[in-house]
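Written out below as structure tokens is the structure these notes cover.
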Amino acid sequence: MTVVAAPVPDLHLQGVGHTYRSARAEPVVALTPTDLTIEGGEFVALVGPSGCGKSTLLEIVAGLRPASAGNVLLGGAKVVGPGRRRGVVFQQSSSLLPWRTVAGNVELGLITAGQPKHERDRRVADELKRVGLTDFADRAVYELSGGMQQRVQIARALAADPDVLLLDEPFGALDAFTREHLQEQLRSIWKATGKTVILVTHSVEEAVLLATRVVLLSPRPGRVIADHRIDFTRRDEPAVALRADPDFVSFAASLRAAIGQQQTVEPEGVLV
């Protein structure tokens, strides 16, 4: 019998806004009420100048930060906190547990979800194979390079089989060669899984290379000022060929110019 995978649900942001409040300072409006619909299976990159609310928006979708206004709906259900339907990968690998092995970190979400051991073992093996870390399953995470640790984070997020994969500058701290390798791997993972992916990045080239849609936010307080659909990720050429494509170069240049026109300096200490 053929098993047909359930369709990936759409994600709806309805008037989502956020204001940071402190007893010692004036409130900071990071994100004005924002409406955004992301169809199941899209790869969306959020770009914009520093402090425009990209990470704030991602954290709200992840359920890690409550919105000050509006709602996030995934498949019609309101997001009220973290959940297995949304996997998160951060820029730093500090969320990995150093006292657990690579496999132990990947299976962590499955343990908390009450998955039986045989199912955990299967899922962990599948995802470590997907990210090329099968031979490192029993190693401590601190023995791995930065790029390998990021692959552990991706495998851990995918192991729970989420509908949406959320990535906050996942390759920002890596060297250029490792970053390009993992970008190519992420393209392959998205094509193989068909999951919805939302990527926060400061790299214009990364956004254009990976996304099917690039959403540009304004300086703080953030709001959507441009929404472009592109298709470079859907093409089969290797990344090095795409980067040399005149259409790629032209679009990246126009997007970089648009961001440059929006640049602003954020007050020190404001995390948005």
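Compute the relative contact order of the chain as a whole-number percentage, counting only Cα pairs closer than 8 Å that sit 6 or more residues apart in sequence.
Normalised by residue count, the contact order of the chain is 26 percent.
Between S94, S188, S55, which gets the highest mean-square fluctuation from a Gaussian network model of the chain, Cα cutoff 10 Å?
The residue that fluctuates most here is S94.
Expressed in nm to one decimal, what extension gain is obtained for the pair F177 and S94 from 0.36 nm per residue of sequence separation less their Cα-Cα distance?
My answer for the length gained is 27.7 nm.
Hey, can you rank 113-119, 210-216 by average C-beta count inside 10 Å, highest first?
So the peptides 113-119, 210-216, ranked by packing, come out 210-216, 113-119.
In 10 Å bins starting at zero, report the fraction of Cα pairs in the chain per bin as a rounded %.
Values per bin, smallest distances first: 7, 28, 35, 23, 6, 0, 0.
If we sort 69-75, 138-144 on the protection proxy, mean other Cβ atoms within 10 Å, highest first, what's the order?
69-75, 138-144
In sequence order, what are the phi-derived ³J(HN,Hα) couplings for region 164-171 according to the Karplus relation 6.51 cos²θ - 1.76 cosθ + 1.60 with θ = phi - 60°, rounded to whole Hz, with x for glycine and proline?
10, 10, 10, 10, 10, 6, x, 10
At 222 nm, what helix-only mean residue ellipticity would the chain give, in deg cm²/dmol to the nearest 500, using -39500 (n - 2.57) for each DSSP H run of four or more?
The per-residue figure over the chain is -10500 deg cm²/dmol.
To the nearest 0.05, what FRET efficiency results for E26 and I225 with a Förster distance of 30 Å applied to their C-beta separation?
For R0 = 30 Å, the calculated efficiency reads 0.75.
Please list, in chain and number order, the residues 5+ apart from F43 or on another chain whose amide H is under 5 Å from its amide H, with Hs placed from the backbone.
V197, T212, R213
No lab work stands behind these numbers, since they all come straight from the coordinates. Bear in mind the structure is a predicted one, so any value in this text is a computation, not a measurement. Counting neighbours? That spans all protein chains shown, and the Cβs are built from the backbone with ideal geometry, glycine included.
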